[in-house]
Structure formats: C-alpha cells, structure tokens
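Comments concern the structure below.
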Amino acid sequence: METGIDDAQLHELVARAKAGDRIALEGVVRAVQDDVFDLALRMLGHVDDAHDASQEILVRLVTKLGSFRGESRFRTWAYRVAAHALLNFRTALRRPEIDFDQAAATLEAALANAPHPPAQTDPARKALVNEVKLACAAGMLICLDRAHRLAYILGEVLELPGDDAAAILEISAVAFRKRLSRAREQMETFLRAHCGVANPSHQCRCEKLAPAAIAAGLVDPDRLVLSRLPHRQADQLHLDVERIRTAAEMYRSMPKYAAPSDFAAAIRKALEGGGLN
C-alpha cells in the first residue's frame, strides 16, 4: 500500500488507536482507505459496490484492530482483512460476474451491431472512449473467478512480492505462484484475442463499443465516473497504448484510485452512534 505515512509511523498510530485514541484511529483508517478502495474497485468492477465493500472492510479493520499483534506489517494485515472480505462479499453486485466465454460472446455481438464511429473525435468523445476503455478493462478483469482475480491483482497489477501476496491470501508461496500463473494465462489469452489495447496487432475497438456500453448502463456519458474518480496516479491508459504489450501492462497503466469520500469520518460517526450511510 502506498501512502504518505511510513510503516513506523503507521505502527505508532495503530498502537495509539488500540489504546483508545480516536484521532489515531481515524489516522489509521485514512492511511489505508485509498488502497482498500482501489483493491475493492478492481475486484468488483463498480464504483458503488467498491464504496460499500470498502466501508465494510474498514469497519472490520477498526473492530478487529485489537487482534493485530504486530507479527506482520500492518499494511499486509490490512490487505488480508480486505482480501477475506472481498472473496466473501455477498451483496448483489451491480456489475454481474461472468466468465470469459460469456464476455467474448457479449463483446462480439456488441461489435457486430455497432454503428460506425464518427470520423472526427472531439474532446468529449475522447473522454467517453477512455471511460469505455476503463469500464471494459474492469469488466475483463472480473471474468476471472474471485480467487484468481485477487491473485492477479496482487501479483500482476499491484506487483506485490510473492511472499507478501501469499501471506495476504493465507496460502503457501508455491500455491500463490500457481494461482497467479493460471490467472495470467487466462487474462493474456483473452486479451490477445479480443483487446486492441493489450494486443497492438488488433485495432482498439472501444470507440465502436461506446454505444453498447452506454445502452448496457456500463458508461454514462453525462457522468464519467471512472475518469473523474480521485487518482493517486494519473490515468496512462490513453497515453501509453504504444508501449502496452501485455495484459499486466494494461492494468498497470490504469489509474490508482483514491477513496472518493472520507471513510474515516463516516466510521467516526458510526462509533459515536450515528450509523453508517
């Protein structure tokens, strides 16, 4: 997890929070909320689901804080809590999870029925197409089952060391490498066949997919949610197409999202008896 606070400072905050310091507790939440939200969004593919899951995860972190014994980095422990919650997130998802065969059929049907895009592309159209790219990439990622999706995100997208990722998933390093390898193979196979961003031998078809994405409710041209989320890292997807050669590079070129709201304030309100919205 990347944040402006280092591990030593974070562990000090955790110790104070465990001793009952509410201000320190809010500091702990703020130190990890961006990473929790970013992970949740990549796992669930929809901003509202990611928001709900992040709030749930951060409440769990707060209520389980007393069980943190300092035997690992707090960031690793926080990711472990998040991973467990996301693997078992049971709320009806706004973006249904489908497999690669279903995604391929849907994609090809949409392309077959797509009108020709306009010859001239204005800035608003470019912004819409970039939103489609982000939404499409999120949709392809959720074609992996949750266990392999999480391994892929931790290992390929976030590039965590294998031992850390294995500890987060509570599996052996060998098991993690096997899981990551299977996920990587599935993603590369699908994107080589269907994605013009990850495979430069194909022309990117996201502009043709824009009408279908709008009709399916995946993209709202009047509310470009993914493009306008707060970022900790700029969206390079529309800038780095020439250098992207693998699925992993495509996902690393997507922005690192920051939490869209201050979860710490909401959790403080809940602890004071106001409940969570």
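Tabulated data
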read-out: Relative contact order [Cα under 8 Å, 6+ residues apart], the chain, whole percent; value: 22
read-out: Positive-end residue, segment 7-271 charge dipole about Cα centroid, Cβ charges, pick of Met43, Gln186, Cys136; value: Met43
read-out: Listed values (i) 20.7; (ii) 19.7; (iii) 18.9, entry calculated as Kirkwood radius over Cα pairs in Å; value: (ii)
read-out: In segment 1-105, the GluC sites (Glu not before Pro) that fall in loop regions by DSSP, at most 13 other Cβ within 10 Å; value: Glu2, Glu71
read-out: Neighbour-count order for Asp52, Asp21, fewest beta carbons within 10 angstrom listed first; value: Asp21, Asp52
read-out: Likely footprinting exposure, Thr189, Thr76, fewest C-beta neighbours within 10 Å first; value: Thr189, Thr76
read-out: Selection from Ala212, Gly162, Ala198, by position along the positive dipole direction of the chain (Cβ); value: Gly162
read-out: Charge dipole (debye, nearest 20) of the chain; +1 at Cβ of Lys and Arg, -1 at Cβ of Asp and Glu; value: 280
read-out: Projected label distance in nm at Arg60 and Ala147, using a 7 Å step from Cα toward the beta-carbon; value: 1.7
read-out: Amide H partners (placed H, <5 Å) of Arg232, local residues excluded; value: Lys256, Tyr257, Ala258
read-out: Residue of Val174, Val81, Val47 that the Gaussian network model of the chain assigns the largest fluctuation, springs spanning Cα pairs under 10 Å; value: Val174
read-out: Set of aspartates and glutamates with alpha-carbon distance to Lys126 below 16 Å, sequence-local pairs under 8 removed; value: Glu207, Asp220, Asp222, Asp235, Asp240
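Quick note: the coordinates plus some simple rules give every number you see, no bench work behind them. Note that the coordinates shown come from a computational prediction; the quantities given were computed from them, not determined experimentally. Cβ coordinates were reconstructed from backbone atoms using ideal geometry, including for glycine residues, and neighbour counts include every protein chain displayed.
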